[in-house]
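The values are calculated or read from the model by the stated rules, or taken from the named source; none is laboratory data. Given the structure is predicted, the values throughout are model-derived calculations rather than measurements. Cβ placement follows ideal geometry from the backbone for every residue including glycine, while neighbour counts extend to all protein chains displayed. The protein model used for the area step is the full one, side chains on, heavy atoms only, and it has no ligands, DNA or RNA in it. Shrake-Rupley method; radii C 1.70, N 1.55, O 1.52, S 1.80 Å.
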Amino acid sequence: MQVLNFVDGAFQNTPQVLENVTPSTGEVFGTIPRSGAAEVDKAMAAAKRAFPAWSKTPVAERAACLERLADAVRDHADVLAKEEARDNGKPLSLAAHVDIPRAEKNLRFYASGVQHYASESHAMEGEAINYTLRKPLGVVACISPWNLPLYLFTWKVAPALAAGNCVVAKPSELTPVTAYLLSTWVKEAGFPDGVFNVLHGLGPEVGEAMVTHPDIAAVSFTGGTTTGARIAGHVAPKFKKMSLELGGKNPAIIFEDADFEDALRTTLRSSFANQGQICLCGSRILIQRPIYDKFKEALVAKASKMVAGDPLDPSTKLGAVVSEAHMEKILSYIGLAKEEGGQVLCGGHRLHPEGVEGGFYVAPTVIEGLGPACRTNQEEIFGPVVTLQPFDTEEEALALANDTAYGLAATLWTTDLKRAHRVAAGIESGIVWVNTWLLRDLRTPFGGVKASGLGREGGFDALEFFTEPQNICIKL
Ligand code: NAD
């Protein structure tokens, strides 16, 4: 498939293009534009032209555009799921049941949410009345990663557009196809030209040109912590707003009184869903000592039975990781874990499933015997690799859970209600799941602390981010 930029309501290519590889076989299956500063200038100029009218468009009309775009996602759900699986390597079943329905939901959620978004007023007892306007910011940059491509792309563009901003958006160069398909329905959804622009290309080229552009009003970024720090370095000195959703090294804490089967089943999923490439996956499994061996053996038995296969086969549960370079990174971390003294209990190697032997597959890997301070337990691997550590007391579990630079999400398994509240409140992370994982209510604040990011998206938090409050005080 030939992916094109969508700027000012028209499709455009660039003189140079990049190859798009499917991780399921390692073969090239299309090209994408290699955009840079020139394309960003054009998109920014179009978005700036469109902003005065779009920002004054009645909220119900903006919402209707988003609803029609959501209809297009629903009507093309099958093709979107298939393209997402081919582009990313994720199982078709996951794309069809999670990624694409959620992309549709994101658009509908903000079409509705913005119509229920109200600002405050503050009366000063007969003297004056204050009210707050929430004004759109202008042209905003939305940059998303490859792990949940259309899901995270829509998570940003929907609230940005709903709030009355114009958008210049960029999906990951590794997974551009579904964002491109979305852009083919923008016009018929009723968005005026220039309101919603989609550029493709490399992060350090087109992404960097977006975040350094003088006219950009805000940056919403989801991706790695190192990239986030670089973007913050550009954006912070200009006092532009930024929302950074970054990496994680999430703990899953399993107390001895947990519902064993439920904890086991869900931990298998939180470890290996999407080949471990979800920022919310638990990668450090902390198990209370009395059930350590039993849990370990059961988890390893289940992980060893997971069969990788062609992502496009509807029965596949474990697909390919996103690229050859990413596979090599994951395998090198497994090598590091061994050097650091870890024992690989299962997996630890590349797989070559029948029929898709050239693809980038890594066996689900469980490692034990490593202390909290080693690099394997400190750095984000972002693949199907988890470590196990035993603990004795609640205090020790908390200390281990918090002993990383990151703070995105945590999962905690116990049937003791008081302990659940106590431990959850003690964890340094943006999200804690108790006796579940990845259960998401879109109204809740989403984001991380420490090196996992800055700010919150989701619910009204995203609408707050994409608007500027202005207090108006009227003397009575
Ligand atoms: P990445 O940082 O390499 O890239 C993310 C996006 O930023 C891509 O679109 C990329 O092209 C762009 N980019 C790269 N360099 C840039 C630059 N200098 N300026 C502007 N844009 C640039 O991340 P990735 O490898 O695509 O995604 C994986 C990472 O994302 C993991 O660390 C994962 O934890 C994180 N993630 C976080 C969340 C969250 O909500 N916190 C969700 C999903 C993924």
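Things to note:
- Estimated FRET transfer efficiency when R0 is 35 angstrom, pair Gln2-Asn402 (beta carbons, to 0.05): 0.15
- MRE, 222 nm, helices only [DSSP H, n ≥ 4, -39500 (n - 2.57), over the chain, to nearest 500]: -11000 deg cm²/dmol
- The alpha carbon centroids of the range 88-150 and the range 1-59 are separated by 22 Å.
- Dipole magnitude of the range 79-152 about its Cα centre (Cβ charges: Lys, Arg +1; Asp, Glu -1), debye to nearest 20: 340 debye
- Rg/Rh for the chain (Cα atoms only, Rh after Kirkwood) is 0.99.
- Considering only alpha-carbon pairs that sit under 8 angstrom and 6 or more positions apart, the relative contact order computed for the chain is 19 percent.
- Net charge, Thr14 excluded, C-beta distance under 12 Å - Lys, Arg +1, Asp, Glu -1: 0
- Translational diffusion coefficient (Stokes-Einstein; Kirkwood radius from C-alpha pairs) of the range 178-245 at 10 °C, 1.306 mPa s, in µm²/s: 118 µm²/s
- Surface composition of the chain: carbon and sulfur atoms hold 56% of the protein heavy-atom accessible area at a 1.4 Å probe.
- Short-range pairs are left out: with C-alpha atoms under 8 Å and at least six residues apart, the relative contact order of the range 308-393 is 27 percent.
- Summed side-chain charge close to Arg284 - residues other than Arg284 whose Cβ falls under 12 Å, Lys, Arg +1, Asp, Glu -1: -3
- Three-way shape call for the range 246-317 based on the alpha-carbon gyration tensor, with the a/c threshold at 1.5: oblate
- Note that the range 319-468 presents 40 Å² accessible area per residue, ligands and nucleic acids not counted, probe 1.4 Å.
- The range 131-246: translational diffusion in µm²/s, Stokes-Einstein, Kirkwood Rh over Cα pairs, 25 °C, 0.890 mPa s: 172 µm²/s
- Degrees between helix 292-304 axis and first principal axis of the chain (Cα, 0 to 90, nearest 10): 70 degrees
- Cα-based shape type of the range 291-380, given that a ≥ b ≥ c are square roots of the gyration tensor eigenvalues and the cut on a/c is 1.5: oblate
- Computed accessible area, Phe260, all protein chains, 1.4 angstrom probe, square angstrom: 40 Å²
- For the set Lys42/Lys82; Lys294/Lys338; Lys135/Lys156, the pairs lying more than 20 angstrom apart at their alpha carbons are Lys42/Lys82; Lys294/Lys338.
- Given R0 = 41 Å, the distance between the Cβ atoms of Thr393 and Ala325 translates into a calculated FRET efficiency of 0.50.
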